[in-house]
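The next block holds one structure in the form of structure tokens; read it before the comments.
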Amino acid sequence: MKLLFNAGLWLTKRQRDAAIKFLGGALQKYEACAQFAFDTDLCTWKIQPKFHLAGEVLYAFRVNKLNRQATINPVSYATQLDEDFVGRVSTISRYVASRTLHERTIRKYLLALKSMWESE
């Protein structure tokens, strides 16, 4: 992830190849752990959605490399939120009337955000 977050919109060939290597290695290790758990009849776990996304990104990188195409950084179309973000907005929205819920929640969030920025 560090590689992708530090890269530009378009990955260089070197960055793409490094991402293929690291991502492929991580997925292979995860598969080996899952196979070991299955073989030894240990408690297993489901593949998490992030592993599915990782596989899709790896596949796209490999196709781009095979076809000698430019590779866009997947961070450019990723959506990420701070884990606490939803909880904060939820807390703010509890104290507004239902008719003005959306507008008042956004206003209160913006005020809280401004307060945080000014305190730093």
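Could you check, for segment 93-114, whether at least one of its residues is modelled with pLDDT under 85, open to solvent by less than 90 Å² (accessible area, probe 1.4 Å) and within 24 Å of the chain's Cα centre (by Cα)?
Yes - at least one qualifying residue is present in segment 93-114.
So which of 2, 13 ends up being open to solvent by 90 Å² or more (accessible area, probe 1.4 Å) and modelled with pLDDT of 90 or more?
Values: 2 fails: modelled with pLDDT of 90 or more.
Answer to the selection: 13.
Among the residues of segment 22-43, what is the count of those that are under 30 Å from residue 70 (Cβ atoms) and either surrounded by 12 or more Cβ atoms within 10 Å (Cβ to Cβ) or touching a residue at least 24 places away in the same chain (Cβ under 8 Å) (or both)? Lay out the reasoning, then the answer.
Keep residues of segment 22-43 that are under 30 Å from residue 70 (Cβ atoms), which gives 22-31.
Checking which are either surrounded by 12 or more Cβ atoms within 10 Å (Cβ to Cβ) or touching a residue at least 24 places away in the same chain (Cβ under 8 Å) (or both) leaves us with 22-24, 26-27, 30-31.
Residues meeting the conditions: 7.
Scan segment 107-120 and report the pairs whose first residue is in a helix (DSSP H, G or I) and whose second residue is exposed (fewer than 10 other Cβ atoms within 10 Å of the Cβ), with Cβ atoms within less than 9 Å and a gap of 6+ or a chain change.
108/95
When you look at residue 53, is it part of a helix (DSSP H, G or I), at negative phi and open to solvent by less than 90 Å² (accessible area, probe 1.4 Å), yes or no? Steps first, please.
Numbers: part of a helix (DSSP H, G or I): yes; at negative phi: yes; open to solvent by less than 90 Å² (accessible area, probe 1.4 Å): no.
For residue 53, the condition - part of a helix (DSSP H, G or I), at negative phi and open to solvent by less than 90 Å² (accessible area, probe 1.4 Å) - is not met.
Any residue in segment 54-80 that's without any contact (Cβ under 8 Å) to a residue 24 or more places away in the chain: show its pairings with residues that are open to solvent by less than 60 Å² (accessible area, probe 1.4 Å) at Cβ separation under 8 Å, as long as the two are six or more apart or on different chains.
The qualifying pairs are 60/71; 60/74; 69/63.
In segment 56-73, which residues are open to solvent by 60 Å² or more (accessible area, probe 1.4 Å) and in a helix (DSSP H, G or I)?
56, 59, 62, 65, 66
The values are calculated or read from the model by the stated rules, or taken from the named source; none is laboratory data. Predicted model, so just to flag it, every value in this text is computed and none were measured. Note that we place each Cβ from the backbone using ideal geometry, even for glycine, and neighbour counts take in every protein chain shown. The area values use the complete protein model at the heavy-atom level, side chains included, leaving out ligands, DNA and RNA. Shrake-Rupley method; radii C 1.70, N 1.55, O 1.52, S 1.80 Å.
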